1. Label-to-label distances across copies for A:Glu166, with labels 7 Å out along Cα→Cβ, in nm, shortest first?
2. Quick check: pseudo-label points 7 Å beyond the Cα along Cα→Cβ at B:Lys256 and B:Asp107, how many nm apart are they?
3. Give, rounded to the nearest 20 debye, the magnitude of the charge dipole that region B:1-130 has about its Cα centre when Lys and Arg contribute +1 at Cβ and Asp and Glu contribute -1 at Cβ.
4. What FRET efficiency would be calculated for the residue pair A:Glu231, A:Gln274, taking the C-beta separation as r and a Förster radius of 41 Å, to the nearest 0.05?
5. Please give the Cα centre distance for region A:412-454 versus region B:373-420, rounded to the nearest Å.
6. Quick one: compute the contact order of region B:1-152, relative version, from alpha carbon pairs under 8 angstrom and 6+ residues apart, as a percent.
7. Looking at the axis that maps chain B onto chain A, which chain B residue has the closest Cβ, and how far off is it in Å, rounded to a whole number?
8. Calculate for chain B the 222 nm mean residue ellipticity that helices alone would give, adding -39,500 (n - 2.57) per DSSP H run of length 4 or more and normalising by residue count, nearest 500 deg cm²/dmol.
Protein chains: 2
Amino acid sequence: MSLNNIVKYLGQNEEKHLNLLFDVIRQKSISATGEGVDKCADLIVSIMKGLGIRARKIDTEGLPVVYGEIMANPDALTILIYGHYDVQPAEPLEEWLSDPFEPTIRDGKIFARGSGDNKGQFMAHILAAAALKKEGWPDINVKFILDGEEESGSESLPKFIEEHREMLKADVAISSDGPKHPSGRPVVFFGVRGLLYAEIELEGAKADLHSGNNGNVAPTPAWDLIRLLNEMYPSDGDCKIPHFYDDVLPATEYEKELIKNMPFAKVEYLEQMQLKDTSMTNEDFWHKLMFEPTVNICGIGSGYQGAGSKTIIPARANVKIDFRLVPNQDPDKIFNCLESFVKERYPKAKIRRYGDLIPTKTSAELNISRAVVEAVRIGSHMEPVVQPRLGGSAPDYLITEHLKLPSIWVPFANADENNHSPNENMGLSDFYDGIKMSATIIHMLARQSKDKLLEDI
Amino acid sequence: MSLNNIVKYLGQNEEKHLNLLFDVIRQKSISATGEGVDKCADLIVSIMKGLGIRARKIDTEGLPVVYGEIMANPDALTILIYGHYDVQPAEPLEEWLSDPFEPTIRDGKIFARGSGDNKGQFMAHILAAAALKKEGWPDINVKFILDGEEESGSESLPKFIEEHREMLKADVAISSDGPKHPSGRPVVFFGVRGLLYAEIELEGAKADLHSGNNGNVAPTPAWDLIRLLNEMYPSDGDCKIPHFYDDVLPATEYEKELIKNMPFAKVEYLEQMQLKDTSMTNEDFWHKLMFEPTVNICGIGSGYQGAGSKTIIPARANVKIDFRLVPNQDPDKIFNCLESFVKERYPKAKIRRYGDLIPTKTSAELNISRAVVEAVRIGSHMEPVVQPRLGGSAPDYLITEHLKLPSIWVPFANADENNHSPNENMGLSDFYDGIKMSATIIHMLARQSKDKLLEDI
């Protein structure tokens, strides 16, 4: 069976594939409210079965997971494809140009909630596998795990994984979520930055005070907070919380080589940032985004912020900080370090923790990683943007930490997919190309020696 | 004519005096909206005339001034009594227990807008002067200037003063506004801290950015502001703006002696400030409030301040600062120093100025100052709290800078007068005692040698 035949088959079945995607999109599956999620799981199971894929809905403590598989033989390379069938709420509805749950084609794009995030992407994998099965299934096992609560934090997934270790056993995970490069070039990435989100509150007097009658004799939590923060992070890239950088993994020579080759749209960057110039090279730029943790103020507030003047000494001051973490920083450990740093200085400070995500790293140097990049190169006829890590965060640690698998991300959506926003969309060609890309990856991995692909893991 | 006779006369005329005050209170005079201000001026002129005081309403570029005088002879000591007949708006009306413009007596207090601030206080002076006139006017000149826009910034007053220098010629100004000490002891003070109110805004990117996709490569105005502020004021009492402290007048030995004798309610202070203990002595406390400028954050804001988390890099950050200034700091000069300090570091920073007041100082050591304190001691049968300066601010510079007069403040209102708030009030006894106090001051100053009183000015 040649790749050309599959591509030909896919070209002949575009309408059928689009209709199946439309069916899945029309079935709401809003995990925030639970609306339609269970029905959507049933629908996907029935579609998968109709396409010759063994599939079933599996209940969790939260919303169900859809699991499916096409097995060649137990000894073959096993790919676990992760996707999610739940979607964000569609609000604000008035900003949509067409019904968010009735897929509508305009300007060569499918407009609908979930079109790009993530129905159009996991359906591309399902349809690719089904096409391969139809044309002659290669010597490879493919397993699908479709999360029903990704948009709400995937809270049931760790326990689900714990209870289904044997079923989920695989050699590599491939996920498609998020966009390609704005130039249209495909992207392959190998991890995400983690996250620790914390809030610090300092309190002074019982209530805001008259700044004349109390100025110089009242506690000043706003100044305390400024001095605390300045001591914590006196200049960019220099966090003074003890042990903050202890576990940071430096970029490897290979990763440095990769980011040297990543495009840096300097003109657009300078315009967006309102800067005249930057001394950053593209290597600096990507290094900062991928290999360096952040200490970012998401919000700071104290006292009067309305128009004009009000002469008070505010009674409290708050800051919300998100730390984007890099391998091998541990959110728990960083939180403890932060807490000690703050409490040593302000024992009465309140510190709240709003969530965390462990940073992840799959080596882009692995044979399997290089094989996927090569498949993407061939499948797209373009040079992929190979990216060691996303600057953003995602629960990739469920794959790398809980399943202990190399995790490779190959997004299929267009850069302007508007995920989480009104008028979410996926380009028709991005959807069709996604199917071809998935088929190419499965096909090409199946043709290689499993031992060779996995020898360096 | 003895003081005893006057006190006796005042005791016999309490009802008449109260009714006159009620008439003035009932006539609204809200300078913020202008409502009733002109009518109130007419009413006061007619009351003054009825009491035998030469009086007239004088138009300004804003709201009218009421001027009145009782002249003994051109060579006698001349006191200028400053007060204001305008009031704050009464809102929020629903929090008043009785109609704000219908004076109501409860618990021995007159509840009404303007009762304490300032109608009950300037009327005390007018009624005292009228009583003295009735019983035999002493060898002294008294002039009244009643401001119609004090609650709105007294903006027309500088020009009014410029145009009426001859009319306003005097040797000393006495004003009664604000409260006595919470213990009931009278207060005499000799100046106010000044004020400079400024806002600094720093801007980063065009809009708030995703903190994952841009963290470490985007401008961070919140951090910039923290570092700027920390550099400006790294610890309490240590402002690093060049020349900030250049013009600060140290406390004199006499002033140090005065503040050593001022009461410091440490228990109440610690409770309000939520502190366990303080190393501050009463001298430290009052020194900080009177002789040291403040660098106070009234408000600081940037980014997300709602519940929970939002992962953004805010595009801008703002801080509102009020500097309480001490003699001889100059708001213009301090603003220029601030602007230079900020612009040197952030040339694109926006700096707004919301207003200023020049700090003032009248020496408490002057013969005239000591004479007023002595009169207050005798008039109240209590040891006055003699206070070199208020921690708060007021346009006292109109008297000290524009009229070039020593300015002495003798507040008549109770400490819980609720000025500017719902249920403003003035104690009946505070009103009657105010009349006696004013009469005592005028009477006693008239009996002393003018040359002696003024020899050290």
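1. A:Glu166 label point versus its equivalents elsewhere: 11.2 nm.
2. The modelled label-to-label distance comes out at 4.2 nm.
3. With Lys and Arg at +1 and Asp and Glu at -1, about 520 debye.
4. 0.90
5. Centre-to-centre distance over Cα atoms comes out at 79 Å.
6. Reported relative contact order: 33 percent.
7. B:Asn230, 2
8. Mean residue ellipticity, 222 nm, calculated: -10500 deg cm²/dmol.
All of the numbers you see were taken from the coordinates with simple rules; none came from a lab. What you see is a predicted model, and the numbers here were worked out from it, not measured in a lab. Ideal geometry is used to build each Cβ from the backbone, glycine not excepted, and the neighbour counts take in all protein chains shown.
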